[in-house]
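The values are calculated or read from the model by the stated rules, or taken from the named source; none is laboratory data. Quick caveat, the model's predicted, so the values are computed rather than measured. Neighbour counts run over all protein chains shown; Cβ positions are idealised from the backbone, glycine included. These accessible areas exclude ligands, DNA and RNA; they are computed on the full protein's heavy atoms, side chains included. Shrake-Rupley method; radii C 1.70, N 1.55, O 1.52, S 1.80 Å.
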Amino acid sequence: MNIQMKIISIIVATLLVISCGEKAKDDSLEGPFNVTSTVTKPNEAAEGYYDDIIYGDENAPVTIVEYASLTCSHCAAFYSDILPTLKKEMIETGRAKLVFRNFIRGPYDMAGAAFARCENDMEAAKKWHGLFFERQHDWYKQGVEPMQELALLARKSGISRAKFDQCAVNKDMQKYLKDMLDEASTKLKIDATPTIYVNGMKLPDYRFETIKTAIEKAEK
């Protein structure tokens, strides 16, 4: 069985049809929900980073939760175009923190996310997710083999193909990511990425002004 088939075999037999960049079904805020995830590490011996990826002070008074996919172009745009301003104005000032959660949309998303979390280190997970979003136009497009391109990006940072493959098909990590998907799709009914919550309230879109307004409302 080749590497791609191994990845696909770990994912649920039928994934939900998940869109990228679709707005919420109405323009009102939905929620609230408990921002603490119930997804847990599969077992104590499992290797990798099994937790939320947090930007900012963990004790910040407002919590932004983002569900995003590495293969979603709108998620990549959020990372490149909106997150820098969000960091500067809301996160680095201590007003809010951002909790990032993977929302797996397919085998290449699964491989990239599993590899990004291979080290037991949140900063490393941030680095790899950021790189894969920044270079999404290189590794996830027509005419290329995404697994090869992901492995090449890792290789340029000193990671061997053997190590990449080992991380990409880590069954414990893939189970964790699948459980995260199940929680989001079943409990929260998420069917589009990116989906943003502020203090448990679902936002109608992911524009900076929408997020800023929701943060200001939460601060009152």
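Whole-Å semi-axes of the range 132-203's equivalent ellipsoid, largest first, each the root of 5 times a Cα gyration tensor eigenvalue?
One finds semi-axes of 29, 17, 11 Å for the range 132-203.
Per the 1.4 Å probe, what fraction of the accessible area of the chain, in percent, lies on carbon and sulfur atoms?
Percent of accessible area from carbon and sulfur atoms in the chain: 49.
Rank Gln136, Gln148, Gln166 by mean-square fluctuation in a GNM of the chain with C-alpha springs under 10 angstrom and give only the top-ranked residue.
Gln148
Would you mind telling me which residue in Ile196, Ile91, Ile159 has the biggest mean-square fluctuation in a Gaussian network model of the chain, where springs connect alpha carbons within a distance under 10 angstrom?
Ranking Ile196, Ile91, Ile159 by mean-square fluctuation puts Ile159 first.
Run the reach check for Lys175 against lysines, Cα to Cα strictly under 18 Å, same-chain hits fewer than 8 apart removed. What comes back?
Output for Lys175: Lys6, Lys41, Lys187.
Using only alpha carbon pairs under 8 Å that are at least six residues apart, calculate the relative contact order of the chain and give it in whole percent.
Relative contact order comes out at 36 percent.
Kindly provide the helix-only [θ] at 222 nm of the chain, computed as the sum of -39,500 (n - 2.57) over DSSP H runs of four or more divided by all residues, to the nearest 500 deg cm²/dmol?
Roughly -11000 deg cm²/dmol at 222 nm, from the helical runs in the chain.
Scan the chain and report its longest stretch carrying no GluC sites (Glu not before Pro) that are both in a DSSP loop and have at most 10 other Cβ atoms within 10 Å.
Answer - 59-220.
How high is the relative contact order of the range 102-220, in percent, with contacts defined as C-alpha pairs under 8 Å that are six or more residues apart?
The value is 26 percent.
So what J values fall out for the range 186-202 if you push phi through Karplus, 6.51 cos²θ - 1.76 cosθ + 1.60 with θ = phi - 60°, rounded to Hz, Gly and Pro as x?
Coupling constants for the range 186-202: 8, 6, 9, 6, 6, 9, 8, 10, x, 10, 10, 10, 10, 6, x, 9, 6 Hz.
When the convex hull of the C-alpha atoms of the chain is computed, what volume per residue in Å³ does it have?
124
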